[in-house]
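Asker: Have a look at this one.
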Amino acid sequence: MTAALALLAGLSGCVSAGRLPPARADAPALDALAFFNGQSRGEGTLKISLRRPRAVTVASVGRWGSDGGLILDQTVTLADQPATQRQWQLRRDGPSGVAGSLSDAAGPVTGRIEGNRLHLRFNMKGGRRADQWLALQPGGQMLHNVMIVRKFGLPVARLDEVIMRENR
């Protein structure tokens, strides 16, 4: 067990957990559900331990559900792989909370909004845990998204992405 943990610690050194999107006084407060209502597009880089960084694009279409929550359909394209589909269902949970589900998560999604940032947490398949920070940028049309994936508490993947609202 000690050897396995030492190996994981060495592997996680390839993925940085540092530098998250900062809270910004010059950015408007984030209404995360409203931001994703309509079309948006994300472009970023995914770095997985022991692999080269890979380009990621995410095309999203959000709409309000009958329960007042957001349904967000996404098409995710990773480098030269075929596109995959996933769906978020999110609703407000108290004055600053967000709760819901993600089709490729292994359990519920929870989140908290603080100023211009949303911090989401969820478990993934394979015993991994995701922490995702979305920070609204000045002008209100762009989010900086950083997701850190951990296994056994050690960072094993990092997504760094810019998400732009479209046609607004």
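The values are calculated or read from the model by the stated rules, or taken from the named source; none is laboratory data. Quick caveat, the model's predicted, so the values are computed rather than measured. We place every Cβ from the backbone using ideal geometry, glycine too, and count neighbours over all the protein chains shown. These accessible areas exclude ligands, DNA and RNA; they are computed on the full protein's heavy atoms, side chains included. Shrake-Rupley method; radii C 1.70, N 1.55, O 1.52, S 1.80 Å.
Asker: From (1) assigned to a strand (DSSP E or B); (2) in contact with an Asp or Glu (Cβ under 6 Å, 6 or more places away or on another chain); (3) of a type outside the set (V, I, T); (4) over 20 Å from R92 (Cβ atoms), pick out the condition that doesn't hold for R121.
Answerer: The one condition R121 does not meet is (4).
Asker: Picking from Q81, Q89, Q85, Q39, which residue would you name as being open to solvent by 70 Å² or more (accessible area, probe 1.4 Å) and outside any strand (DSSP E or B)? Lay out the reasoning, then the answer.
Answerer: Values: Q89 fails: outside any strand (DSSP E or B); Q85 fails: outside any strand (DSSP E or B); Q39 fails: outside any strand (DSSP E or B).
One residue alone meets the criteria, Q81.
Asker: Restricting to the stretch 131-168, what's the tally of residues that are over 15 Å from the mean Cα position of the chain (by Cα) and surrounded by fewer than 16 Cβ atoms within 10 Å (Cβ to Cβ)?
Answerer: 8
Asker: Out of all the residues in the stretch 94-105, which are part of a strand (DSSP E or B) and open to solvent by 30 Å² or more (accessible area, probe 1.4 Å)? Give the steps one after another, and end with the answer.
Answerer: Here is the first cut: in the stretch 94-105, the residues part of a strand (DSSP E or B) are 97-102, 105.
Passing the criteria: only S101.
Asker: Quick check on the stretch 106-130: of everything there that is under 19 Å from L33 (Cα atoms) and crowded, with 18+ Cβ neighbours inside 10 Å, which residue is nearest to the chain's Cα centre (by Cα)? Before the answer, list the steps.
Answerer: In the first step, residues of the stretch 106-130 are kept if they are under 19 Å from L33 (Cα atoms); the result is 108-122.
Still in the running and crowded, with 18+ Cβ neighbours inside 10 Å: 109, 111, 113, 116-118, 120, 122.
Numbers: V109: 11, G111: 11, I113: 14, N116: 15, R117: 12, L118: 10, L120: 7, F122: 10 Å.
Per the stated criteria, the residue is L120.
Asker: So, G126, is that one in contact (Cβ under 8 Å) with a residue 24 or more places away in the chain and over 24 Å from A79 (Cβ atoms) or not?
Answerer: Working: in contact (Cβ under 8 Å) with a residue 24 or more places away in the chain: yes; over 24 Å from A79 (Cβ atoms): no.
It is false that G126 is in contact (Cβ under 8 Å) with a residue 24 or more places away in the chain and over 24 Å from A79 (Cβ atoms).
Asker: Hey, another quick one. Going by what's in this entry, would R121 be described as within 24 Å of P28 (Cβ to Cβ), touching a His at 6+ places or on another chain (Cβ under 8 Å) and free of Cβ contacts under 8 Å to residues at least 24 places away in the same chain? Can you show your working first?
Answerer: Details: within 24 Å of P28 (Cβ to Cβ): yes; touching a His at 6+ places or on another chain (Cβ under 8 Å): no; free of Cβ contacts under 8 Å to residues at least 24 places away in the same chain: yes.
No: the conditions fail for R121.
Asker: Of the residues that make up the stretch 45-53, is at least one touching a Leu at 6+ places or on another chain (Cβ under 9 Å), under 19 Å from A130 (Cβ atoms) and basic (K, R)?
Answerer: Within the stretch 45-53, one or more residues are touching a Leu at 6+ places or on another chain (Cβ under 9 Å), under 19 Å from A130 (Cβ atoms) and basic (K, R).
Asker: Here is a further query. Go through the stretch 55-76 and count every residue that is surrounded by 15 or more Cβ atoms within 10 Å (Cβ to Cβ) and not in a loop (DSSP other than H, G, I, E, B).
Answerer: Step one: of the stretch 55-76, the residues surrounded by 15 or more Cβ atoms within 10 Å (Cβ to Cβ) are 56-62, 69-72, 74, 76.
Filter once more, keeping what is not in a loop (DSSP other than H, G, I, E, B): 56-62, 70-72, 74, 76.
Residues flagged as surrounded by 15 or more Cβ atoms within 10 Å (Cβ to Cβ) and not in a loop (DSSP other than H, G, I, E, B) within the stretch 55-76 amount to 12.
Asker: Can I ask one more? At pLDDT 95 or above, open to solvent by 40 Å² or more (accessible area, probe 1.4 Å) and either within 22 Å of L159 (Cα to Cα) or within 18 Å of the chain's Cα centre (by Cα) (or both): is that true of A23 in this structure?
Answerer: On the way: at pLDDT 95 or above: no; open to solvent by 40 Å² or more (accessible area, probe 1.4 Å): yes; either within 22 Å of L159 (Cα to Cα) or within 18 Å of the chain's Cα centre (by Cα) (or both): yes.
Answer is no for this residue.
Asker: Look at the stretch 82-104 and say how many of its residues are closer than 12 Å to A32 by Cα and either free of Cβ contacts under 8 Å to residues at least 24 places away in the same chain or in contact with a Pro (Cβ under 6 Å, 6 or more places away or on another chain) (or both).
Answerer: Number of matching residues: 3.
Asker: For the stretch 130-145, which residues satisfy the criterion of being more than 19 Å from G97 (Cα to Cα) and part of a strand (DSSP E or B)? First the steps, then the outcome.
Answerer: Step one: of the stretch 130-145, the residues more than 19 Å from G97 (Cα to Cα) are 137-142, 144.
Within the stretch 130-145, M142, H144 qualify.
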